[in-house]
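First up is the structure itself, then whatever we jot down about it.
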Amino acid sequence: MPHFLDIADLSPDEMKTILADAHAMKAARTGLPKGAPDPDPALPGRALAMIFEKSSTRTRVSFDMAIRQLGGSSLILNAADMQLGRGENIADTAQVLSRYVDAVMIRANAHQDVVEFSEQAGIPVINGLTDRSHPCQIMADLMTLEEHYGKLEGLKLAWVGDGNNVAASFIQAAAKLDFELHLSCPKDYGPREDDLIAASLCGARLALMGDPKAAVQGADVVIADTFVSMGDADATKRLADLAPYQVNTALMKEANPKAVFLHCLPAHRGEEVTAAVIDGAGSLVMEEAENRLHAQKAILKWCLLS
Ligand code: CP
Ligand code: NVA
């Protein structure tokens, strides 16, 4: 069953196929109204259920429009409104939904819950963000960089801030595709050791650097994310500890003069990034957000047609 749970589960060729399909589908519908189906919709009649345990704007809307453009339909379910929120177990929920719909996307607090759901479901399951990873986001980010630079090979990416779920998926991607990834995170906010080891063993070119300036030196891409992710309890302490890792104009000056800025959004201007950077000429955040739609269409096709 082709579940899309983590970048680590994909082969480099599968990633390249998904990315190429995303670019092709984006180009093929140039000029069409956003609500119009693709010229040759790939998933007619398919139904996608989305379960949200946490808030979402981009993932919710982009998956909804993705399945519509592919000719299918969607159901958006807040976990708290389901029997799941009253204690029904994951196994029964997964098996029941598998009788009604063709695929499920889940945004969950605990990664293990998505894994368990996938083990019980008879249909493809997509990870729409957990405490551990955000693989759909990284496919859109890589697509955005391919669009901008023409290729990923040889790029130097610098992640600055919390070594969180989005960072984990970037680390996994660095093990699959040929780019260099520098990470600068404060003590106690670094990426998980097992992610770093697994990616390094697969050939990822990773470097952990305490000093954000060193990490960003000569980078083609600088990436930030919120200092307080959904589910993080210690917001005040996090904001204080992570403050020196803000991406601002002075930090961007250390990067390649033509460096671009990525952020998965939602952003907090004045915290992890200044307005001058995220709203400046080098920011690709809106292209990145748009590409969630195109990348996820390719993910849905990979799950349902391969
Ligand atoms: N980047 C992202 O996943 O955004 P949402 O939380 O709005 O879905
Ligand atoms: N790291 C953030 C990403 C939000 C899309 C979070 O988990 O809240």
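General remarks:
- Count of the stretch 54-91 residues, restricted to those that are of a type in the set (V, I, T) and within 16 Å of ligand 2 (Cβ to nearest atom), is 3.
- Sole residue being over 21 Å from S133 (Cα atoms), touching a strand residue (DSSP E or B) at 6+ places or on another chain (Cβ under 7 Å) and modelled with pLDDT of 95 or more, chosen from I51, I67: I67
- Conditions (1) within 16 Å of ligand 2 (Cβ to nearest atom); (2) in contact with a Ser or Thr (Cβ under 6 Å, 6 or more places away or on another chain): number failed by G122: (1)
- Subset of the stretch 251-276 (residues that are touching a residue at least 60 places away in the same chain (Cβ under 8 Å) and within 15 Å of ligand 1 (Cβ to nearest atom)): L262, C264, L265, P266, E272
- Residue in the stretch 127-146 that is touching a Leu at 6+ places or on another chain (Cβ under 7 Å), assigned to a helix (DSSP H, G or I) and either more than 22 Å from H23 (Cβ to Cβ) or basic (K, R) (or both) present: no
- Here M15 meets the list (1) in contact (Cβ under 8 Å) with a residue 24 or more places away in the chain; (2) under 17 Å from the mean Cα position of the chain (by Cα); (3) within 22 Å of D113 (Cβ to Cβ) almost entirely, failing just condition (3).
- Cross-chain or 6+ apart pairs with Cβ under 6 Å, the stretch 201-224 first and within 17 Å of N256 (Cα to Cα), then outside any helix (DSSP H, G or I) and among the charged types (D, E, K, R): K213/E254; V216/E254; Q217/E254; A219/K156; D220/K156; A224/E272
- Taken together, the residues in the stretch 277-295 that are within 16 Å of ligand 1 (Cβ to nearest atom), farther than 14 Å from E147 by Cα and touching a strand residue (DSSP E or B) at 6+ places or on another chain (Cβ under 8 Å) amount to 1.
- Candidates are the residues of the stretch 72-114 that are aliphatic (A, V, I, L, M) and in contact (Cβ under 8 Å) with a residue 60 or more places away in the chain; the one that is nearest to P37 (Cα to Cα) is A103.
- Residues of the stretch 224-266 that turn out to be buried (at least 19 other Cβ atoms within 10 Å of the Cβ), within 28 Å of E53 (Cβ to Cβ) and within 20 Å of the chain's Cα centre (by Cα), as a count: 8
- Of all the listed residues (A8, A27), the sole one being away from ligand 1 (no atom under 16 Å from the Cβ) and more than 16 Å from G128 (Cα to Cα) is A27.
- The stretch 11-47, residues that are closer than 20 Å to L145 by Cβ and of a type in the set (K, R): K16, K26
- Of everything listed in (1) among the hydroxyl-bearing types (S, T, Y); (2) away from ligand 1 (no atom under 16 Å from the Cβ); (3) surrounded by fewer than 18 Cβ atoms within 10 Å (Cβ to Cβ), the single unmet condition for S55 is (2).
The values are calculated or read from the model by the stated rules, or taken from the named source; none is laboratory data. If you're wondering where the values come from, they're calculated on a predicted model, not measured in any experiment. Ideal geometry is used to build each Cβ from the backbone, glycine not excepted, and the neighbour counts take in all protein chains shown.
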